[in-house]
Amino acid sequence: MSKHEAVPGDAEQLPEEPAPERRSASDRRVQIAAAKLRVVLDERLKRPTPEWVKRLAEQKLAS
């Protein structure tokens, strides 16, 4: 048996998924951070950035 195979009753368990409200806040932070990076990349490549990306990038990251 491989060390990567799950064994019933094994002491090592996968972490539980975050609560839905926590997951959506985390997803939102990732979206905002990605939009900020997109704005910078578009500026450096001298290409237009969609307005919705700019608006998203202007939002503050929740902690």
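The values are calculated or read from the model by the stated rules, or taken from the named source; none is laboratory data. From a predicted model like this one, the values you see are computed outputs, not experimental measurements. Just the protein is used for accessible areas: all its heavy atoms, side chains included, with ligands, DNA and RNA removed. Shrake-Rupley method; radii C 1.70, N 1.55, O 1.52, S 1.80 Å.
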Computed ³J(HN,Hα) along the range 38-54: with the Karplus parameters 6.51/-1.76/1.60, θ = phi - 60°, integer Hz and x for glycine or proline, the list is 4, 4, 5, 4, 4, 4, 5, 8, 6, 10, x, 9, x, 4, 5, 5, 4
The correct ranking of Arg29, Arg44, Arg55, Arg38 by accessible area at 1.4 Å, largest first, is Arg44, Arg55, Arg38, Arg29
Accessible-area order for Val40, Val30, largest to smallest, probe 1.4 angstrom, reads Val30, Val40
